[in-house]
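First comes the structure, then the notes that go with it.
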Amino acid sequence: MRLSSIIAVLTIATAGAASPAWAQTAGSQQAADEGRFEVRMEASVSQICGAFTSTSGSTVVDFGDLAGVNAGQALPVRTVATDVAYICNEPNGFLRTISSQNGGRLIRTGSAGGAGNEIPYLVGGTGGDLAFALQQLQTPVVSNAVSPAFLLGAAGPLQVQVSGVRSPVAQNGIFGTTVFAGTYVDTLTISVTAN
């Protein structure tokens, strides 16, 4: 308690008009005469807040050929982005936003989507503050994460699921598909912003 009152006195003395050099040394001399010396300890910690991976900044999830799976039949849920660590030392935590370039639809390359050119899929999240139910990402999903677990890094894997496109009824023994042949793509973007 004595230390804080001394600091307050020193702050008042230095906050006003500049004191003459002899007055400043007199204060220092008084502290030395009383047999004490004050040292203020100080350090800083830079902000680190983001989604980090030891590999590249992107990964590919290949669902394979969906023509062999009946339309409406969901493939097993796949867990992806397991190597992403969310690290944030901001006391108020962070916001994680996951958005889909095509609104939660795989779009056939070379097309603008629409009938016969798109396959909807679902995305969900796991990992405490970052968890959310499987859903089509027609709009971005925002999670607010505030936990000491993120100081050292915590996982927040995603789950993805897609359904097949094979026609349920064969015509002359051949099954058609509900979409055109081609490669279907979408891009999920994960962004982290400190609160």
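The values are calculated or read from the model by the stated rules, or taken from the named source; none is laboratory data. Small disclaimer: the values here were computed from a predicted structure and weren't measured. No Cβ is skipped: glycine too gets one built from the backbone with ideal geometry, and neighbour counts run over all protein chains shown. With ligands, DNA and RNA removed, areas are computed over all heavy atoms of the protein, side chains included. Shrake-Rupley method; radii C 1.70, N 1.55, O 1.52, S 1.80 Å.
Some observations on this one:
- Förster radius 22 Å - calculated FRET efficiency between ALA155 and VAL185, Cβ distance, rounded to 0.05: 0.30
- Reported to the nearest whole Å, the Cα centre-to-centre distance from the stretch 44-71 to the stretch 74-127 is 8.
- Point-to-point label distance, LEU95-ASN172, nm (Cα→Cβ direction, 7 Å offset): 5.7
- P(r) weight above 21 Å for the stretch 46-163, C-alpha pairs, percent: 44
- Placing a label point 7 Å from the Cα of THR59 along the Cα-to-Cβ direction, the residues of the stretch 65-98 whose backbone N falls under 20 Å from that point are 65, 75-88, 96-98.
- Around SER99: net Lys/Arg minus Asp/Glu count, Cβ-Cβ under 14 Å: +1
- Counting only protein chain heavy atoms and rolling a 1.4 Å probe, the accessible areas of VAL45, VAL185 rank, largest first, as VAL45, VAL185.
- Mean Cβ count within 10 Å, highest first, over the residues of peptides 171-182, 62-73, 151-162: 151-162, 62-73, 171-182
- A 1.4 Å probe, protein heavy atoms only, puts the accessible area of LEU188 near 60 Å².
- Convex hull of alpha carbon positions in the stretch 94-183: directionally averaged projected area 7.5 nm².
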